[in-house]
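Participant: Before I ask anything, let me first share the structure, which is written out below as structure tokens.
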Amino acid sequence: MPARVDLNNPEFQHQWLALDKEGQLAVLQCVKKISSLEWQAIYRDKGLRWEPIQSRAASDGSRLYAIRISGKIRAVVKRTGDYIQFLSLHADHDSAY
């Protein structure tokens, strides 16, 4: 079963809408790609580069991950059941960690 995508986080939505058109489209393409993949394929995908964030955790204590949206943008996400929740976007890759 492909992963389900949750884009309802207000911080993520604000950051997404603040991107230029190219950045917004990159996020949309990434979301479309993720929603077509099984979880194991997401973890292995070389383009997404699914990486755990060691330096912090979500407010509920769950683990956070960084994925690559484009050469310029990374997203902080977490997995909740079958859902990948997008929490924030970062133009500076290091700020995602």
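Participant: Please give the net charge around L87, taking every other residue with its beta carbon less than 14 angstrom from that of L87, where Lys and Arg add +1 and Asp and Glu add -1.
Facilitator: Within the 14 Å Cβ shell, the charges total +2.
Participant: Let me ask something else. Report the calculated FRET efficiency for M1 and R56 (r = Cβ-Cβ distance, R0 = 35 Å), to the nearest 0.05.
Facilitator: It comes out at approximately 0.75.
Participant: Right, another one. Could you work out [θ]222 nm for the chain from helices alone, using -39500 (n - 2.57) per DSSP H run of at least four and dividing by all its residues? Round to the nearest 500 deg cm²/dmol.
Facilitator: Result for the chain, helices only: -8500 deg cm²/dmol.
Participant: Does segment 14-70 come out rounded, prolate or oblate by the C-alpha gyration tensor, with a ≥ b ≥ c the root eigenvalues, rounded set by a/c under 1.5 and, if not, prolate when a/b is larger than b/c and oblate if not?
Facilitator: oblate
Participant: How much length is gained on full extension from E38 to E11, taking 0.36 nm per residue of separation minus their Cα-Cα distance?
Facilitator: 7.1 nm
Participant: Net charge within 14 Å of F12 by Cβ-Cβ distance, Lys/Arg positive one each and Asp/Glu negative one each, not counting F12 itself?
Facilitator: So the environment of F12 carries a net charge of 0.
Participant: Round to a whole number: what % of the accessible area of the chain belongs to carbon and sulfur, probe 1.4 Å?
Facilitator: Its accessible area is 51 percent carbon and sulfur atoms.
The values are calculated or read from the model by the stated rules, or taken from the named source; none is laboratory data. Since this is a predicted model, take the numbers as computed values, not measurements. Using ideal geometry, Cβ is built from the backbone for each residue, glycine included, and neighbour counts are taken over all protein chains shown. Quick note on the areas: whole protein, heavy atoms, side chains included, nothing else; ligands and nucleic acids left out. Shrake-Rupley method; radii C 1.70, N 1.55, O 1.52, S 1.80 Å.
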